[in-house]
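Read the structure below first, then the notes.
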Amino acid sequence: MRILGLDVGDRTIGVAVSDALGWTAQGVEVIRRRDWESDVRRLREICAEYEISLIVVGYPKNMNGTIGPRAELSAQFAAQISQELALPVKLWDERLTTMEAEKMLVAADVSRAKRRKVIDKMAAVLLLQNYLAAQAAAERDKKR
């Protein structure tokens with residue numbers, strides 16, 4: 001069972017997938033958004049290639065936990081993509097993942113131009129890895 005992680009923005013969608021065991025997340029690509037049909041087509045191809053069984057979409061809540069316009073757009077995207085791809089979709093709080101990704105890339109001395117190209121993919125990796133870690137912790141707690 002592989003999980004797809006998506007960091008959805010207005011111009012791009014960062015894409016990450018889990019390994020088959022659901023332990024780690026790897027970046028796949030950044031989709032440059034053109035129109036809905038093109039976005040769905042590419043996501044469908046990725047889901048088929050990696051045999052995806054669940055999609056996790058970043059849900060950027062405000063710092064105080066409230067839902068703002070950006071989170072509402074993500075929820076709308078999640079509902080539409082679930083219907084289009086006939087897959088379950090979960091929203092996952094992604095506050096600060098883009099900032100965290102930026103810090104990691106700066107620390108690795110990645111140039112500004114290269115950071116711009118991979119930041120969304122890195123944010124998708126971080127949000128999916130956070131989701132996987134939370135699921136693993138919940139499983140451990142069940143066994144206690």
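Think of it as helices only: each DSSP H run of n ≥ 4 in the chain is worth -39500 (n - 2.57), and spread over all residues that comes to -18000 deg cm²/dmol at 222 nm. Stokes-Einstein diffusion for the chain at 4 °C, viscosity 1.567 mPa s, with a Kirkwood radius from C-alpha pairs, works out to 84 µm²/s. For the listed residue pairs K61/K103; K103/K143; K61/K143, the alpha carbons are over 26 angstrom apart in K103/K143; K61/K143.
Residues of region 1-29 falling in the label zone of E72, defined by backbone nitrogen less than 15 Å from a point 7 Å along Cα to beta-carbon, are absent. With a Förster radius of 35 Å applied to the beta-carbon distance between S53 and K117, the computed FRET efficiency rounds to 0.75.
Here, each number is a calculation from the coordinates, and none is a lab measurement. Quick caveat, the model's predicted, so the values are computed rather than measured. Cβ atoms come from the backbone with ideal geometry, glycine included; neighbour counts cover every protein chain shown.
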